[in-house]
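The values are calculated or read from the model by the stated rules, or taken from the named source; none is laboratory data. The structure presented is a predicted model; accordingly, all values stated were derived computationally and were not measured. FYI the Cβ positions are ideal-geometry reconstructions off the backbone, even for glycines, and counts take in every protein chain you see. What goes into the accessible areas is simple: the full protein's heavy atoms, side chains included, and nothing from ligands, DNA or RNA. Shrake-Rupley method; radii C 1.70, N 1.55, O 1.52, S 1.80 Å.
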Amino acid sequence: MAMGKILSSGPILLFWLYLVALVSLPADAAVKRYQFDVQVKNVSRLCHAKPIVTVNGMFPGPTIYARDGDRVVINVTNYAQYNMSIHWHGLKQFRNGWADGPAYITQCPIQNGHSYTYDFNVTGQKGTLWWHAHIFWLRATVYGAIVIMPKQGTPFPFPQPYRETNIVLGEWWNNDVEEVVKQGNKLGLPPTTSDAHTINGKPGPLFPCSEKHTFAMEVEQGKTYLLRIINAALNDELFFAVAGHNMTVVEIDAVYTKPFTTQAILIAPGQTTNVLVQANQAPGRYFMAARPFMDAPLTVDNKTATAILQYKGIPNTVLPILPKLPLPNDTAFALSYNAKLRSLDSPLYPANVPLKVDRRLFYTIGLGINPCPTCLNGTRLTASLNNITFVMPHIGLLQAHY
C-alpha cells in the first residue's frame, strides 16, 4: 500500500522535475539518448565459458559520450534474471537525485521484463568517468566508460591528442560471481579472488586460451594518444604501465591535474586516470600491463593482465616487450605517486578549496573477526569504521524515507 501511494504521486512529481531539467539546460546543450538492454550472454575466457550479465551483449558495456552541459537520457530494459540498477559513477547529480542508481538507496531495482529511464544533466564536468551495476556483485561484468568532452570551442588544457582510447581494467572469475559471494558469506571469509584481471574485457596472451582475447591499439610514429584509463575491478588497486613509454598524467576522476610524467600509474577501484602517451619509440609491439598493488597480508589475484600497443605496419609475429611494473607491495612507489597528484589550479580551472579548517575528523578503518552463528567457521571477517561495523537495517531506506 505504501508503494502504491508513492507511485500515485510519481507522474506529477516527475513532470515538474522534467520541466525543471529542461529550464536548467544551457541553450547550446544537446540531448544524448541511449538504450541499455541488460541481458545474459555466454562469454569464454581462460578456457572457461559461462553466462554473464551484460549491457547490449558487450563486455565491457557501451561508452556514453556527452559534453559538459548536455542532458543524458538512458532507457534501461532488464532481460536478466537478476534485479538491476545502474550507477553513473562520479557524475554529480544536481537536482537529479533519482538518477543516481544505487539499488534500494535512491531507487527500487529494475525487475526482469521491466524498464526504467535515467534522465540527468551533465553540469560543470568534463573528462572520464564510468557507469556500473549497483546491486550485489553484478558490476563484475556490467560496466562501461563515460566520456565527457568540454563545451564546444573549449580546448583541453594540455596538447591536443591525435586520437584517444578507453582502457577499462576489470576482472574475470571462472565461476559464477554471485555464487562466489554467497560462498564467501557462508564461510565468513572474503570471496575467492578473481582468476584474471582484464583490459577491455580481455586478459591477454599470458593466460591460457587468450591469444584471441587480447586488446590491441594501433599507433603511428610521432603521434600523441590520450588513454582514458578506468579501474572497474571490484577491490584491487592496480599498477598500469606501457613498455618503453612514459605517460603524462593530465586528469584524475574528471578533474584536470598538473601534468607529470611517470613510467607507471596507480589507480584505485572506481578511479579514472587520463594519460598522454607519445608514440616516440622504435616501431614495434609493446605490452600494456596491469597487476595489483597490495602491501597488507591479504590475498589478491596477483597475475598480470596485458594488452598490446602496436606501431602501424608492424606484423603480429613480432613478440611484444613487457613493461617493468612496480613490485606488488611497493608502498614507496604508491606514496610517491599519490603525492604528485595536484589540481591544475589555472585561471580557467582554479582550485577553489576552503583555506580555513573549522573541524578536524579522525577516521580509522579496520578489519576484525565477529561471531557468526550461521557461518561454517563460527566467525565472520568484518570491516569497521571507527570500530563500528555495518549492520543491515530492519527497514529499507526507501521505505524509511517514505
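Tabulated data for the structure shown
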quantity: Rounded percent of accessible protein surface that carbon and sulfur make up, the chain, 1.4 Å probe; calculated: 58
quantity: Phe120, Phe333, Phe156, ranked by accessible area, largest first (probe 1.4 Å); calculated: Phe333, Phe156, Phe120
quantity: Extension gain, Cys209 back to Leu376 (0.36 nm per residue minus Cα-Cα distance, nm); calculated: 56.5 nm
quantity: Cα centroid separation, the stretch 162-179 to the stretch 291-305 (Å); calculated: 16
quantity: Calculated on alpha-carbon atoms, Rg and Dmax of the stretch 31-149 in Å; calculated: 14.1, 47
quantity: Pairwise FRET efficiency - Ala282 versus Gln160, Cβ, R0 = 22 Å, nearest 0.05; calculated: 0.30
quantity: Accessible area, probe 1.4 Å, largest first, for residues Cys209, Cys372; calculated: Cys209, Cys372
quantity: Gain on full stretching of the segment that runs from Asn175 to Lys41 - 0.36 nm per residue minus C-alpha separation; calculated: 46.8 nm
quantity: Solvent-accessible area of Ile52 with every protein chain in place, 1.4 Å probe, in Å² to the nearest 10; calculated: 10
quantity: Helix-only mean residue ellipticity at 222 nm for the chain, each DSSP H run of n ≥ 4 adding -39500 (n - 2.57), per residue, nearest 500; calculated: -3500 deg cm²/dmol
quantity: Exposed trypsin sites (Lys or Arg not before Pro) absent - longest run of the chain, DSSP non-H/G/I/E/B, at most 15 other C-beta within 10 Å; calculated: 1-91
quantity: Per residue accessible area of the stretch 238-366, 1.4 Å probe, in Å²; calculated: 55
quantity: For the stretch 207-309, convex hull volume per residue from C-alpha positions, Å³; calculated: 116
quantity: Sorted peptide list for 250-256, 132-138, 198-204, criterion being average Cβ within 10 angstrom, highest first; calculated: 198-204, 132-138, 250-256
quantity: Förster-model FRET efficiency, 45 Å R0, Gln221 and Gln152, C-beta, rounded to 0.05; calculated: 0.90
quantity: Shape call, the chain: gyration tensor on alpha carbons, a/c limit 1.5; calculated: rounded
quantity: Shape box of the stretch 40-94 [Cα atoms, principal axes, largest first, Å]; calculated: 44, 23, 16
quantity: Within a Gaussian network of the chain (alpha carbon springs, distance under 10 Å), most fluctuating of Val38, Val277, Val353; calculated: Val353
